[in-house]
Amino acid sequence: MAELSAYRDQHFRGTRDELERKLESSATLYVGNLSFFTTEEQIQELFSRAGDLKKIIMGLDKIKKVPCGFCFVEYFSHEDAQNAMWYINGTRLDDRIIRTDWDAGFVEGRQFGRGRSGGQVRDEYRSDYDPGRGGYGKKAQQTNQPVITGPAVTYSKR
Amino acid sequence: MSREKRKIFIEDNDGRARKRRRTSEVVDIEDRLESLITRVGEKSTSSLESNLEGLASVLEADLPNYKERILKIICTCASNLPEKITVYSTLVGLLNAKNYSCGEEFLDMILENLKDVLVAAQFDRARLMVRSDWFVYTILSSLPWAGKELSDKKSQEFDQLLSTIESYTSQRNKNHIPALRVWSTDEPHPQEECLDCLWAQVKKLKSDNWQEKHIRRPYLAFDDVLGDALEHTLPSFTVPPHKDCTVYPLPSVVYRMFDYTDVPEGPSMPGAHAIERYLVEETIRRTLHAHFKDRKECANQLLNLPGNSKVPANYCIIEVLFSEMFRLPNPHHVQIFYGSLIIELCKSQPNTMPGVVAQATELLYERLDSMNVTCVQRFVHWFSYHLSNFQFKWGWDEWVSAVDGGSDSSQCVFLRELFERMRRSSYHQFLVEIIPEGLHCLLPIVPAPNYRFATEQGEIPGADVAEQLLEAVRAKKDMDDLQAILNTVPANATGQEDLNQDVHMIDHTFPLLRLEVLMHVVLKVGSKSFSHSFSAVTKFHKLLKNIIVNEEAQIHCLKIVNEFWSTHPQFMLVLIDKLVRMQLIDCSAVVNWLFSKDVKDNFTKLYVWEIMTSTLKKMIKHTNKVTGEVQEAKEKFAKLEEKTKKQVTFVSFLIQSQRMKTQISQMVEETIGEAKTGFPSGELIEKQQKELDELTEKLENAERAQKQLFLIVFQRFIMILTEHIVRAEQQQVDVDTQWFKYTTERLREVLITNHEQVTKYLSSLETLLFTADLDSRILSPFNQFKALSL
């Protein structure tokens, strides 16, 4: 199988062993480094190439409830998720190199960003300028850098 | 190969290695040996011969302590790294010269290995073909290596073998060939049957006196050493007998897109019948199968194959990749493997590879006219993916002339589908910006929901209820309230009453207008995204279930989906998938709907076949899943029965002893009691039996439904094609329209891509559907399919 990466969900409820076991038979992937503007339809188009998708769960800013640059994709089978790990991880979606990682399975609440400002933690402290992810990081924005706002209310509209 | 990768690769083939490794400190030495052996023959500063000689003496020293391990590694390498087979045969020869017994052990080991592989039917890891075909193929494919020796030393027997093959190949039934061809014409490249082509290549090799330029033969340098060594007699080898469950490789057709004129510089492309062409293709193919789990490593291996300097390697690699991607009936691997590998190759060689890929794309585009519809679909699928990784940059201006050929030309059809897929991975406005205006007529329409009861549509039947229903949903009313609102639409209302009062109404078996109102509202509520739709359908499941009472209602429901999302095929596909999985709609209803006049005219569009394929696949997957469950339950049950038998013997044994030794009867009785409870009780067995019975029934149902589904598909195909022929003949117009061509090719596609399933229904199909009185144009795809599976 595609080897597990070093990442582990720090909020996982259960023992380390349970987590490892779940990861090895999982059919769910975490997908990171998405643009805030990337839609579910684009994700479906790419990830369905690796197998039948059960569902896509968009990662949302926990305050504004708009996409904040990650999602979970759940396949019907482990093998299909494996294909995605082999062939989609590290390729482009919406012109960004995305990262996929095994996930122990979606649990309600995990769709929300864990950063203080509502988005992902990585967007708190970033110092680079990333127009697909709201410009500068939140911290840097406070020091009067130009701000690019995220998408409008829903994620299906461009 | 990176060190890490190589380790995994070896361990995959030898699970025992891991355990042993942990237990002792020989780890380092074994690792070192493994690394030395797997790496020999890779690029190196010194010559291959001196590397081999060096390795042989290192190994000789380690042989006393690590013989089994060393032989195992060589054995694994020889069978998994075929491009280096001659390297390993030389190595074994050298070791044999130094240590006679190890040669023998190696032979035993590799023959044992071969037998296992044959029994497991892993023919070249799934290169499948009929048994006799496969034997001939195996012999022919060994001749580039052994032909010279055989003709020198056993010329009479060898000639006899070759003439047997000659007569065999000339007598083979080749009716299946048309079904496996990517192009319908032999211009510019003939598409021969694989075995025929290999035979031609071997004949050419023979006429060249078995001289070829591709295989490395390091053993030649060691002629004296090897010649002096004692020979082993090859133990006789019997091929395991045929069993019914053995599946042989399906025949295939050679795929060629380049010849020497396509390669501007560097070494020239070997001709179609040069054995070198076969050897280089075979090496590439084997590399793909060996490294499909790691696209980066695969690309790296492909770009560094030993023979690459003698051929235009990039052209050969791309040609083989497309041949695998277009392989009929089905590719070996999921299509995205080939796509992601091509991207990787382009990234590794940014100065040369993208040009070759572009040249290949242009060739495919030019030859679209004669390309098999199934392959056109794969071409669209791949190219949209490829472009999405390169910012959709392409020489679009050069393709503007496509519209001059009329909007029905193969190029326009291709571009329309390509743009649709590109839209799915980007967005509409983006396409408008990057595609030249000349091609805008081929862009998809802006996808938008089409809600029938919108206020601007004016008063249409059902609009008021739809409005109330929407408001109630927004106010979060419960399902009973919603049902009550919906029920204000009379059950027999069709929405047509006012318009056609005199017209005789067709009686519907379900509340038609009610269904339309409800479906439109559900779709509208969920129109923001797939997720929104999924939760809407889940929320309204009960209401929908109450109305969608039969197949007629199911088909009507699909019609509404089509009306609502006609501008958004991807939405339709995802939604229909969901409705089937939620068991609101049966697979057979989807098929019947696809053949209805609603969709029939769109047969030349790809989304129709996406829906068809995904529907059939769901059915097959379901049946396979239940088959697995039954198998599992059977095994469980057998184990239980085994245990029960033991219990019976044990208990009767105890009873006997009880009779004999009454004095300890008390104790024995207790033991009996324990034994009885410790073993499975009759109750448990009964429960298991019941479970098994239920599963068996479930499987029978699934199998029946699957057979029914395929029969419906083929029946509808035959009906629709026959209708077309009859109508065209009555109107005295050409039968051979584009629609007809597409539809017959799709019929063939459904037959051959599902051959494993369809073969089971062969006799029903022959007696009920594909009868001799059918038009030959409908019958021929079926005959090709038959030739393929027999």
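What to note about this one:
- Summary: within chain A, the longest segment free of GluC sites (Glu not before Pro) located in DSSP loops with at most 16 other C-beta atoms within 10 Å is A:4-107.
- For the segment A:43-49, counting C-beta atoms of other chains within 10 Å of every residue's C-beta and taking the mean gives 6.
- Dimensionless Rg over Rh [the protein assembly as shown; C-alpha; Kirkwood]: 1.00
- Cβ-Cβ FRET estimate between A:LYS22 and B:GLN468, R0 fixed at 51 Å, reported to 0.05: 0.65
- Selection from B:GLN715, B:VAL626, B:LEU363 lying farthest towards where the dipole of chain B points positive, charges on Cβ: B:VAL626
- Once the Cα-Cα distance is subtracted from the 0.36 nm per residue extended length, the B:ARG217 to B:ASP31 segment shows a gain of 64.2 nm.
- Loop-exposed trypsin sites (Lys or Arg not before Pro) per DSSP, neighbour cap 11 Cβ within 10 angstrom, longest uninterrupted part of chain B: B:44-242
- Checking the cross-link pairs B:LYS528/B:LYS618; A:LYS138/B:LYS293; B:LYS528/B:LYS559; B:LYS617/B:LYS741 against a 30 Å limit on the alpha carbon distance flags A:LYS138/B:LYS293 as lying beyond it.
- Dipole of the protein assembly as shown [Lys/Arg +1, Asp/Glu -1 at C-beta], most positive-end residue of B:TYR742, B:SER535, B:GLN411: B:SER535
- Based on C-alpha pairs under 8 angstrom that are at least 6 apart in sequence, chain B has a relative contact order of 10 percent.
- The range B:279-420 - Debye-derived log10 I(q)/I(0), Cα point model, q = 0.13, 0.15 Å⁻¹: -0.58, -0.76
- Solvent-accessible area of B:ASP577 with every protein chain in place, 1.4 Å probe, in Å² to the nearest 10: 30 Å²
- Longest site-free stretch - chain B; sites: GluC sites (Glu not before Pro), DSSP loop, at most 10 other Cβ within 10 Å: B:460-790
- In plain terms, the chain from B:LYS539 to B:GLU362 could stretch by 58.8 nm, reckoned as 0.36 nm per residue minus the Cα-Cα distance.
- Converting phi to 3J(HN,Hα) with the Karplus coefficients 6.51, -1.76 and 1.60 and the offset θ = phi - 60°, the range B:483-494 yields 4, 4, 4, 4, 5, 5, 7, x, 4, 9, 5, 10 Hz in sequence order, with x at every glycine or proline.
- Taken over the range B:371-419, the alpha-carbon convex hull comes to 70 cubic angstrom per residue.
- The slack in the chain from B:GLU694 to B:GLN731, taken as 0.36 nm per residue of separation less the alpha-carbon distance, amounts to 7.8 nm.
- Pairs of C-alpha atoms in chain A farther apart than 28 Å represent 20 percent of all such pairs.
- The ellipsoid equivalent to the alpha-carbon distribution of the range B:675-756 has semi-axes of 54, 12, 5 angstrom, derived from the gyration tensor eigenvalues as √(5λ) and listed largest first.
- Those residues of the range A:49-78 whose amide nitrogen sits under 20 Å from the label point placed on B:LYS476, 7 Å along Cα→Cβ: A:62-66
- Rounded to the nearest 0.05, the FRET efficiency derived from the C-beta distance between B:GLN429 and B:GLN656 at R0 = 56 Å is 0.05.
- The H on the amide N of A:CYS68, modeled in the peptide plane, is under 5 Å from the matching H of A:GLY59, A:LEU60, A:ASP61, each at least 5 residues off or on a different chain.
- Considering only B:LEU52, B:ASN80, B:VAL40, the residue lying farthest towards the positive end of the dipole of the range B:37-82 is B:ASN80, judged by Cα position with unit charges set on Cβ.
- Largest-first principal axis extents of the Cα set of the range B:538-662 (Å): 87, 32, 21
- For the range B:397-545, the convex hull drawn through the C-alpha positions has a volume of 180 cubic angstrom per residue.
- Calculated FRET value between B:ILE445 and B:SER789, using beta carbons and R₀ = 51 Å, to 0.05: 0.75
- Out of every Cα-Cα pair that the range B:523-595 contains, those further apart than 21 angstrom amount to 16 percent.
- J(HN,Hα) series, the range B:339-352, from Karplus relation 6.51 cos²θ - 1.76 cosθ + 1.60, nearest Hz, glycine and proline x: x, 6, 5, 4, 4, 4, 4, 5, 6, 6, 10, x, 8, 10
- Counting only Cβ charges, +1 for Lys and Arg and -1 for Asp and Glu, the dipole size of the range B:126-197 around its Cα centre is about 280 debye.
- Considering all different alpha carbon pairs of the range A:58-127, the Kirkwood hydrodynamic radius works out to 13.3 Å.
- Of all DSSP beta bridges confined to the protein assembly as shown, the antiparallel ones make up roughly 95%.
- Net charge over other residues, Cβ less than 11 angstrom from the Cβ of B:GLU276 (K, R count +1; D, E count -1): 0
- The label-point distance for B:ASN550 and B:ASP773, in a model that sets each label 7 Å from Cα toward Cβ, rounds to 3.0 nm.
- The chymotrypsin sites (Phe, Trp or Tyr not before Pro) of the range B:531-569 include none that meets both criteria, a DSSP state outside H, G, I, E and B (loop) and at most 10 other C-beta atoms within 10 angstrom of the site's C-beta.
- Cα point-scatterer Debye curve for the range B:161-208, base-10 log of I(q)/I(0) at q = 0.20, 0.23, 0.26, 0.30 Å⁻¹: -0.77, -0.92, -1.03, -1.15
- Hz values of 3J(HN,Hα) by residue in the range B:756-771 - Karplus curve (6.51, -1.76, 1.60), Gly and Pro given as x: 4, 6, 4, 3, 5, 9, 3, 5, 4, 4, 5, 7, 9, 10, 8, 7
- Calculated on the Cα set of the range B:129-217, radius of gyration then Dmax: 14.6, 44 Å.
- Using every pair of separate Cα atoms, the Kirkwood estimate puts the hydrodynamic radius of chain B at 31.7 angstrom.
- Long-range amide H partners of A:LYS54 with built H, under 5 Å: A:GLU74, A:TYR75, A:PHE76
- Cα pair count fraction exceeding 18 Å, expressed as % - the range B:417-465: 47 percent
The values are calculated or read from the model by the stated rules, or taken from the named source; none is laboratory data. Quantities reported herein were computed from a predicted structural model and do not represent experimental measurements. Here the Cβ is made from the backbone with ideal geometry for all residues, glycine too, and neighbour counts use every protein chain on show. Note: accessible area is taken over every heavy atom of the protein model, side chains too, but ligands, DNA and RNA are not part of it. Shrake-Rupley method; radii C 1.70, N 1.55, O 1.52, S 1.80 Å.
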